[in-house]
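Values quoted throughout were computed directly from the atomic coordinates according to the rules given, and no laboratory measurement underlies them. The structure presented is a predicted model; accordingly, all values stated were derived computationally and were not measured. Here the Cβ is made from the backbone with ideal geometry for all residues, glycine too, and neighbour counts use every protein chain on show.
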Amino acid sequence: MTQHLPAPITTQPGPSPKVILASYLLMGAALLLVMHQGILPGLLCVCVGFMLTRALSRLLSRANPRAFHSNQLPRWTQVVATTIVILAPLALLSGALSHTRTYITEAPAQYKELLDYLATTVLELREKLPSDIADQLPDGAQDIQRKLATYLAAKAGVLANAGRAWLTGLLYAYVGLIIGALAAVRPITARRPPLVCALQQRIGHFALAFKQIVAAQFWIAAFNTLLTSIFLLVILPIWKLQLPYTPALITLTFVAGLIPIVGNLLCNAVLTLVGLSVSPVAAAACLGFLILIHKAEYVINAKVVGTRTHMGVWELLAVMFVAESVFGPAGLVAAPLFYAYLKKELEAAQLV
């Protein structure tokens, strides 16, 4: 009677140093290409689409406890989650367009009212200013219209480029969302080439850094929303000033605050415009709040993000300033994420 010995357990050898070096170079080149080509919104939305699809798949799988506790999620949950993530932006865009249709049709009348208001303001200034200065102002509405038309014609190219850049960024973001959703439900093969394994490690470190940055940014958005609520509901009423659409402004502060730095600038710019519609004093107060919170955002961002990603405030601030000087606002947004990923690679290699 012969005994059957158990088959020896074979482990797949790890990637060689050359393969690991190649994965580092490919990852670094990909991140630099993202910044150079201006497709950072696409990269961020790839991560968002991947995380949302995985989270929705796990949430849907709770209907089947056995599948929830297994490593492989049911296929139907992946399909439903992918469909929701891909179609949700289109549904939101359709709803937004339906609600802004009235604003678009009333735009010509609002433009005429704006010109009449400007003409009245200029005529009042002509009566109050000294004669030598008043002579430099336009005489009436027709002169103002001609000057505005000349200015807009001179800036038409800049405005067209800005609009094209926004549309391109939105397109990159949506394509990135689709790529991330599809990558989250891709079939996983048991055997993978060494370079693929090494790149998966790089991508895993990047995904962990992104997850930590998003969690930190949530608390930053909550803090900014708290400051804005105090400003709108407490400070301004003390000065007997009240801005319209206060609940909408507070909600916008939280949603836009989820975008590092840039979102804070966006919501406070809207706040200043709304304040200008009330009075110059309200606009000046909102502008002062904008400057204060923008400067404080550097320290707040560095403190909260640094705590969650084990980075010092001074090093994150330095990275943010350098990235902004090199890549502009996109570098300011990408700096915390890229530096957190670099720190995780250095920690994994036991270099720091």
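Using θ = phi - 60° in the Karplus curve 6.51 cos²θ - 1.76 cosθ + 1.60, the 3J(HN,Hα) couplings for region 223-231 round to 5, 4, 5, 4, 4, 5, 5, 4, 5 Hz; x is entered for Gly and Pro. Using the average count of surrounding beta-carbon atoms within 10 Å as a protection proxy, the listed peptides 17-28, 280-291, 235-246 rank, highest first, as 280-291, 17-28, 235-246. Less than 12 Å Cβ to Cβ from Leu60, Lys/Arg counted +1 and Asp/Glu -1: what total charge do the surrounding residues give? Its environment carries a net charge of +4.
With the simple model of a label 7 Å out from the Cα in the direction of the Cβ, Ala30 to Leu208 spans 1.7 nm. In terms of packing, defined here as the mean over residues of other Cβ atoms within 10 angstrom, the peptides 201-211, 39-49 line up highest first as 39-49, 201-211. Converting phi to 3J(HN,Hα) with the Karplus coefficients 6.51, -1.76 and 1.60 and the offset θ = phi - 60°, region 164-176 yields 5, 5, 5, 5, 5, x, 5, 5, 4, 5, 5, 4, x Hz in sequence order, with x at every glycine or proline.
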